[in-house]
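Asks: The following block contains the structure, expressed as structure tokens.
Every number here is computed from the coordinates shown, using simple stated rules; none is lab data. Predicted model only: the values in this text are computed from it and were never measured. Cβ sites come from the backbone with ideal geometry, for glycine too, and all protein chains shown count toward neighbours.
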Ligand SMILES: [Zn+2]
């Protein structure tokens, strides 16, 4: 569910496409976020919203 409350940052739950580990990450991550289990890149910084590489399961606000 995506909140329309404004340009607030959010946390999102993503699943690693490699090992299926589910992890909560910051959606404006300023550094690469890696899977804690296998090291696969889950998100890469773009200057704004991070580009999510894994599968987004849920947005948490
Ligand atoms: Zn993984």
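Asks: Tell me whether the chain comes out rounded, prolate or oblate; compute the Cα gyration tensor, take square roots of the eigenvalues as a ≥ b ≥ c, and use a/c under 1.5 as the rounded threshold.
Replies: oblate
Asks: Hey, rough spin-label estimate for residue 10 and residue 24, points 7 angstrom out along Cα→Cβ, what's it come to in nanometres?
Replies: Each label point is offset 7 Å from its Cα along the Cβ direction, giving 1.5 nm.
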